[in-house]
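Taking it in order: structure first as structure tokens, then the write-up.
Since every read-out is calculated from the coordinates, none of them should be taken as a lab result. As the structure is a computational prediction, the values presented were derived from the model and not from experiment. FYI the Cβ positions are ideal-geometry reconstructions off the backbone, even for glycines, and counts take in every protein chain you see.
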């Protein structure tokens with residue numbers, strides 16, 4: 001049964017500015033989980049991310065990952081409220097390259113308690129990144 005749907009857009013240039021600014025490392029720690037940080041070549045202790053052409057694709061991926069978090073929160077119907085933390089909602093890639101969610105901490109507990117499965121679709125083009133999330137509730141065990 002469908003529990004919720006959510007979508008979000010994130011401007012790539014805005015994400016690049018957040019990552020390359022003086023507060024970039026703090027932003028990374030607050031927003032991105034360990035798997036996302038590794039995939040994007042970011043580290044919680046890293047210097048601010050260098051702006052420029054070399055980071056354009058990674059900025060688009062980071063923007064899509066951020067949009068995925070927002071899309072999940074909309075599908076959950078809660079917004080960013082307890083028990084959620086952005087870094088506990090990770091957009092990861094399966095070996096096939098398909099996007100998927102990985103939850104940890106209180107967010108994982110919330111998802112499991114409601115018997116939810118999450119589906120994720122990402123895209124980026126024209127300086128914008130889009131994420132679409134569906135949450136489905138599994139039928140009760142018999």
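Structure notes:
- For the chain, the 222 nm mean residue ellipticity estimated from helices alone, with every DSSP H stretch of n ≥ 4 adding -39500 (n - 2.57) and the total spread over all residues, rounds to -11500 deg cm²/dmol.
- Seen from all directions on average, the range 92-139 presents a Cα convex hull projection of 4.3 nm².
- Take 130-137, 9-16 and order them by the average number of nearby Cβ atoms within 10 Å per residue, most first; the result is 130-137, 9-16.
- Rounded to 10°, Cα long-axis angle of helix 56-76 versus longest principal axis of the chain: 30
- Rg over Rh for the chain works out to 0.99, both radii taken from alpha-carbon positions and Rh defined as the Kirkwood radius.
- Subtracting the Cα-Cα distance of residue 112 and residue 26 from 0.36 nm times their residue separation leaves 28.1 nm of extension gain.
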